[in-house]
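One structure is given below, encoded as structure tokens.
We did not get these values from a lab; they are worked out from the coordinates using the rules stated. Computed from a prediction, not measured in an experiment: that's the story for all the values here. All Cβ positions, glycine included, derive from the backbone under ideal geometry; neighbour counts span all protein chains shown.
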Amino acid sequence: MKVIVPFAAGGGTDLVSRLFAQKLSDRLGKPFFVENMAGGTGGSIGSRELARSTPNGYTIGSGTSSGIVAAAIDPGPYNPLRDLEPISRYGATTIVLVVSPSMPVRTFAEFVAYAKTKPGLTYASSGIGSANHLTGVMLAKQAGLELTHVPYKGEGAAITDVLSGTVDMIFVSLPLGRVHMESAALRPLAITSAQRFPMFPDLPTFVELGFADLIVEAWYGLYVPKGTPDAIRDKLVAEISAIRRDEAVLKQLIEQFTFDARGQDDPEKFRAYMEAELARFRAAALAAGLAKS
């Protein structure tokens with residue numbers, strides 16, 4: 001059986017997908033082979049290949065929040081809600097607001113007060129229309145701040161300039177930001193998950209801080225081609241749910257990949273979650289002048 005991962009080997013989506021594929025193999029006694037098909041906005045090349053596959057359960061695939069972000073900006077080329085059948089999330093990592101230690105703030109409240117006296121504070125991102133760009137748009141709008149976006153070609157280059165103090169801050173993916181937070185090279189102020197992240201229990205969420213709609217998670221999930229029989233769909237839901245209840249798997253995902261797999265989903269819950277995500281990012285893309293009709 002084939003699992004299409006629409007991103008390059010070695011990245012977060014690939015590593016988490018391979019772990020779930022191995023667990024599915026173990027549980028079902030059938031080999032699940034991962035095939036990487038990188039390319040296209042939001043992983044659209046591999047996702048389109050999955051959409052064209054015969055809906056018999058022999059080809060399944062992973063997808064991520066980046067597909068929803070891309071669809072929020074331009075709904076034409078690829079939309080996972082339209083083109084695929086969602087099965088269940090694997091879980092999610094998240095984004096954290098970190099600032100250069102040279103900034104004289106230690107809490108989010110201090111940051112807001114400081115930002116209002118220093119309009120135009122800079123924040124880095126991995127590119128125009130990326131999740132960390134749109135997170136900055138959301139915060140600026142909801143907090144009444146004037147922030148200046150500085151796009152880079154990738155998150156690694158972006159965080160380098162925050163570390164040097166060239167840029168004031170970044171909404172960084174937690175797996176990348178983790179090492180710099182733990183070494184105190186960057187100062188975390190708030191996290192965009194719906195609940196506090198288990199690895200950083202003392203870090204407040206934006207929800208706690210009064211921004212109920214500022215939730216941005218880098219989630220991964222399982223999809224099948226449209227028309228896949230309900231019996232196959234239901235079996236996959238049951239198996240993914242069982243894997244997500246395995247305490248050893250939860251521990252491995254947190255410690256190795258900074259990925260929180262707690263909770264349960266079914267296709268209806270996953271679809272509703274994705275629709276809410278699409279609406280949230282669509283509003284941010286419109287505010288940033290990026291969205292296409």
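Which FRET efficiency value, to the nearest 0.05, is calculated for GLU110 and THR160 with the Förster distance at 30 angstrom and r the Cβ-Cβ distance?
Details: r = 25 Å, r/R0 = 0.83.
Calculated transfer efficiency: 0.75.
Give the dimensionless ratio obtained when the Cα radius of gyration of segment 204-293 is divided by 2.2 N^0.38 Å.
Values: Rg = 16.3 Å, N = 90, 2.2 N^0.38 = 12.2 Å.
Working it through for segment 204-293, the quotient is 1.34.
Distance from the Cα centre of segment 60-88 to that of segment 171-198, in angstrom?
Between the Cα centre of segment 60-88 and that of segment 171-198, the gap is 26 Å.
Computed FRET efficiency, Cβ-Cβ of ASP246 and ALA276, R0 30 Å: what is it to the nearest 0.05? Show your work: numbers first, answer last.
Values: r = 27 Å, r/R0 = 0.91.
Efficiency, from the Cβ-Cβ distance: 0.65.
Who wins for biggest fluctuation among ARG27, ARG282, ARG245 in a Gaussian network model of the chain, springs between alpha carbons below 10 Å?
For the chain, modelled as a Gaussian network with Cα springs under 10 Å, the answer is ARG27.
Add -39500 (n - 2.57) for each DSSP H run of 4 or more in the chain, then divide by its residues: what number comes out at 222 nm, to the nearest 500 deg cm²/dmol?
Details: 11 runs with 127 residues, N = 293.
The helix-only estimate for the chain comes to -13500 deg cm²/dmol at 222 nm.
Go through VAL162, ALA72, MET103 and say which Cα lies farthest out towards the positive end of the charge dipole of segment 72-170; charges sit on Cβ, +1 for Lys and Arg, -1 for Asp and Glu.
Value computed over the given set: MET103.
Take SER25 and LYS141, extend 7 Å from each Cα along the Cα→Cβ direction, and tell me the distance between the two endpoints in nm.
About 4.4 nm separates the two model spin labels.
What full-extension length gain, to one decimal in nm, is calculated for HIS149 and ASP230 as 0.36 nm per residue of separation minus the Cα-Cα distance? Walk me through the intermediate numbers first.
Details: separation 81, 0.36 × 81 = 29.16 nm, distance 4.52 nm.
Full extension from HIS149 to ASP230 adds 24.6 nm.
Just VAL96, VAL69, VAL34 to compare: in a GNM of the chain, with alpha carbon springs under 10 Å, which one fluctuates most?
Fluctuation is largest for VAL34.
Rounding to the nearest 20 debye, state how big the charge dipole of segment 128-254 is about its Cα centre with +1 on each Lys and Arg Cβ and -1 on each Asp and Glu Cβ.
Details: 11 positive and 14 negative charges, 53 e Å.
Computed charge dipole of segment 128-254: roughly 260 debye.
Would you work out which of ILE232, PHE257, LEU278 lies farthest towards the positive end of the dipole of segment 208-286, given +1 charges on the beta-carbon of Lys and Arg and -1 on that of Asp and Glu, about the Cα centre?
ILE232
Would you mind telling me which residue in GLY227, GLY63, GLY177 has the biggest mean-square fluctuation in a Gaussian network model of the chain, where springs connect alpha carbons within a distance under 10 angstrom?
Residue with maximal mean-square fluctuation among GLY227, GLY63, GLY177: GLY227.
In percent, what relative contact order does segment 183-234 have, based on Cα pairs under 8 Å that are 6 or more apart in sequence? Write down the numbers at each step before the final one.
Numbers: 39 pairs, mean separation 13.7, N = 52.
26 percent.
Which option, (1) 153; (2) 115; (3) 135, is the value of volume of the Cα convex hull per residue in Å³ that was calculated from these coordinates?
Read-out taken from this structure: (2).
Just going by the charge dipole of the chain, with Lys and Arg at +1 and Asp and Glu at -1 on Cβ, which of LEU176, LEU134, SER53 is farthest out on the positive end?
Selected residue: SER53.
How high is the relative contact order of segment 164-213, in percent, with contacts defined as C-alpha pairs under 8 Å that are six or more residues apart? All intermediate terms of the calculation are to be shown ahead of the outcome.
Working: 30 pairs, mean separation 11.2, N = 50.
It comes to 22 percent, rounded to a whole number.
Using modelled backbone amide H atoms (1.01 Å from N, in-plane), which distant-in-sequence or interchain residues come within less than 5 Å of ASP74's amide H?
Here LYS292 satisfy the definition.
Quick one: dipole size for segment 6-157, taken about the Cα centre, charges +1 on Lys/Arg Cβ and -1 on Asp/Glu Cβ, in debye to the nearest 20. Write out the running numbers ahead of the final one.
Details: 13 positive and 10 negative charges, 43 e Å.
The calculation lands at about 200 debye.
I'd like the antiparallel share, as a percent to the nearest 5, of DSSP beta bridges with both residues in the chain.
Numbers: 22 of 37 bridges.
Beta bridges within the chain, antiparallel portion: roughly 60 percent.
Strictly over 26 Å apart at the Cα level, which of LYS141/LYS251; LYS141/LYS269; LYS23/LYS226 would you flag in this model? Don't skip to the answer; put the middle values down first.
On the way: LYS141/LYS251 36 Å; LYS141/LYS269 28 Å; LYS23/LYS226 24 Å.
Listed pairs above 26 Å: LYS141/LYS251; LYS141/LYS269.
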